[in-house]
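The values are calculated or read from the model by the stated rules, or taken from the named source; none is laboratory data. These numbers come from a predicted model, not from an experiment. Cβ coordinates were reconstructed from backbone atoms using ideal geometry, including for glycine residues, and neighbour counts include every protein chain displayed. Quick note on the areas: whole protein, heavy atoms, side chains included, nothing else; ligands and nucleic acids left out. Shrake-Rupley method; radii C 1.70, N 1.55, O 1.52, S 1.80 Å.
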Amino acid sequence: MSDTVRLSRRGLLAGLAGTAALSHLTPRAIAQTKAKLVVVGGGFGGATAAKFLKHFLPNASVTLIEPNERYVACPFSNLVIGGLRTMREQTFTYDALKAAGIDVIHQTARNIDAETRTVTLAEGGGEVGYDKLILSPGVDIRWQALEGYEEPAAEIMPHAWKAGAQTRLLRRQLEAMEDGGLVIMSVPTAPFRCPPGPYERASLIAHYLKTEKPNSKLLILDAKDTFSKQRLFVAEWAARYPDHLEWRGASDFGRVVSVDPSTMTVSTDFEDFTPSVANIIPPQRAGEIAGRAGVTDQTGWCPIDPLDFSSTLQPDIHVIGDATIAAPMPKSAFSANLQAKFAAMQIARALSGLDVEPTVLANTCYSYVAPDAAISITGVYSNAEGKLTSIEGAGGLSPDGGGDRVRAAEAAQAEAWFRTVTEEAFG
Ligand code: FAD
């Protein structure tokens, strides 16, 4: 385990949620707990949860089920699309988790039976039983929720909302585009993964166009009229990319109603566009396995008890990360990381016969607006009384007109955050 997470269990627990909630949880009590703990999904939520479960409960058996041998991170993938970072820097292995004594099974979980507490693996991989399960499957695309956007369409009009091949494809398309081309980005209504992500991406694409293809332009067609950090983004765009980026909201006919990849057409209620590059960010839902486990409701997302992120629909299953209904906490890697540590801690408490108590959670989302400039938004949330509530006045935005020095300082903080969060998950 790295220096970042080489803390005493008592220190970690206290650091996570305040001493009041943890005063009865001694390292000795939790260290003795033997249980079968299974985590499904090895992204920011799941990999962190597995690491911290093993750390809090070293005598428990911890199994992580994740099909891919390498994880490709979405945070900072917009820098790859903007030509400012390599995919290698986005890619992580599970070697450190294996070395920490976690049993990593590279398989897809095909089904979860909450009654018998078993996970069935795909391709005749057998079954894995559990006492407690943490599910962190991320998001899946709602294919055809946007007319014409079925799975094959993503090979022509990439979403790049799951990092990897899609990220490379969008980057290649931008590189191949002739100077003078139109790039369109379509943004769905909330909720979706990473609320400020489209606008960070737009900034970095606009930066690329301005520097490499100055006769080209990016048009954002948005299904909403308001978005995260809007005031700051709009001011940055006006200052940096007045000729290379235009945003149209829903009330300005910005909502894309259909696409036709065969003719490269993107349509709103008002107009048809035929861009050179179309980045379609489609509507999303919780990863499919959540539905099979019976932890999704009619929205396609997973209701949870914010006191411990346990599913309100099935016993002994905790859901964390993008798959949850945790608003006003956003669907971010920052949230997934904190929810993972928090759920692991509450499971350790429960297995030690201790009650869960309310605490305070937080999120910060950084967004690059240029290679060395970033802005941020922070939220702080109470999980008392069965709901997550923003604590007014506790969070905030980067200052307006912060100037180059402040924006550069936030870019450095963003980099430090990425290093820490990936180290906690995969280091
Ligand atoms: P994921 O990280 O997606 O992990 C889910 C894992 O579950 C995957 O590895 C998948 O293979 C696995 N899985 C799915 N189904 C199964 C199954 N049946 N069996 C086994 N395994 C399964 N967040 C930030 O905080 N800061 C940022 O700057 C930021 N930038 C972003 C930029 C972009 C372009 C995008 C798209 C997102 C960004 N995010 C950012 C959001 C962040 O990527 C997600 O919020 C985060 O990855 C959520 O973690 P998760 O564990 O819920 O899901």
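Values as computed for the structure displayed
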item: Extreme residue, farthest from residue 35 (Cα to Cα), among residues of the range 51-88 that are within 14 Å of the ligand (Cβ to nearest atom) and assigned to a helix (DSSP H, G or I); result: 81
item: Lone unmet requirement of (1) of a type in the set (D, E, K, R); (2) touching a helix residue (DSSP H, G or I) at 6+ places or on another chain (Cβ under 6 Å); (3) within 12 Å of the ligand (Cβ to nearest atom) for residue 341; result: (3)
item: Residue match in the range 110-118 (condition: within 14 Å of the ligand (Cβ to nearest atom), open to solvent by less than 10 Å² (accessible area, probe 1.4 Å), out of contact with any helix residue (DSSP H, G or I) (no Cβ under 8 Å at 6 or more places or on another chain) and touching a residue at least 24 places away in the same chain (Cβ under 8 Å)); result: no
item: Every pair of residues 6+ apart whose Cβ atoms lie under 7 Å, when the first sits in the range 331-351 and is among the hydroxyl-bearing types (Ser, Thr, Tyr) while the second is within 10 Å of the ligand (Cβ to nearest atom); result: 332/194; 332/363; 332/365; 335/363
item: Qualifying residue in the range 336-346 (condition: under 23 Å from residue 233 (Cα atoms) and modelled with pLDDT of 95 or more); result: no
item: Subset of the range 89-103 that is of a type in the set (Asp, Glu) and assigned to a helix (DSSP H, G or I) - its residue that is nearest to residue 196 (Cα to Cα); result: 89
item: Matching residues, the range 299-321, being surrounded by fewer than 24 Cβ atoms within 10 Å (Cβ to Cβ) and closer than 18 Å to residue 43 by Cα; result: 301
item: Members of the range 359-389 that are of a type outside the set (A, V, I, L, M, F, W, C) and within 11 Å of the ligand (Cβ to nearest atom); result: 363, 364, 366, 367, 368, 376
item: Complete set of residues in the range 89-102 that are within 11 Å of the ligand (Cβ to nearest atom) and among the hydroxyl-bearing types (Ser, Thr, Tyr); result: 94
item: Selection status of residue 419, out of contact with any helix residue (DSSP H, G or I) (no Cβ under 9 Å at 6 or more places or on another chain) and part of a helix (DSSP H, G or I); result: no
item: Residue selected from the range 376-409 under the condition in a helix (DSSP H, G or I) and at positive phi, by the criterion least open to solvent (accessible area, probe 1.4 Å); result: 403
item: Of all residues making up the range 275-298, the number that are in a loop (DSSP other than H, G, I, E, B), crowded, with 22+ Cβ neighbours inside 10 Å and in contact (Cβ under 8 Å) with a residue 60 or more places away in the chain; result: 5
item: Qualifying residue in the range 240-249 (condition: in contact (Cβ under 8 Å) with a residue 60 or more places away in the chain and in a loop (DSSP other than H, G, I, E, B)); result: no
item: Answer residue from the range 166-214, given it is of a type outside the set (A, V, I, L, M) and free of Cβ contacts under 8 Å to residues at least 24 places away in the same chain and is nearest to the ligand (Cβ to nearest atom) among those; result: 166
item: Search result, residues across the range 322-337 that are more than 12 Å from the chain's Cα centre (by Cα) and open to solvent by 10 Å² or more (accessible area, probe 1.4 Å); result: 325, 327, 328
item: Check on residue 203, farther than 29 Å from residue 234 by Cα and either under 16 Å from the mean Cα position of the chain (by Cα) or open to solvent by less than 10 Å² (accessible area, probe 1.4 Å) (or both); result: no
item: Boolean, residue 348 is in a helix (DSSP H, G or I) and open to solvent by less than 50 Å² (accessible area, probe 1.4 Å); result: yes
item: Sole residue being touching a Ser or Thr at 6+ places or on another chain (Cβ under 6 Å), free of Cβ contacts under 8 Å to residues at least 12 places away in the same chain and more than 10 Å from the ligand (Cβ to nearest atom), chosen from 127, 151, 147; result: 127
item: Of the criteria (1) open to solvent by less than 60 Å² (accessible area, probe 1.4 Å); (2) under 30 Å from residue 327 (Cβ atoms); (3) touching a strand residue (DSSP E or B) at 6+ places or on another chain (Cβ under 6 Å), which one residue 253 fails; result: (1)
item: Cβ pairs under 8 Å, 6+ apart, first in the range 62-73 and in contact (Cβ under 8 Å) with a residue 40 or more places away in the chain and farther than 14 Å from residue 132 by Cβ, second polar (S, T, N, Q) and assigned to a strand (DSSP E or B); result: 71/91; 71/93; 72/91; 73/91
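For every residue, the table says whether it meets (1) outside any strand (DSSP E or B); (2) surrounded by fewer than 21 Cβ atoms within 10 Å (Cβ to Cβ).
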residue	(1), (2)
154	yes, no
158	yes, no
161	yes, no
172	yes, yes
180	yes, yes
183	no, no
186	no, no
189	yes, yes
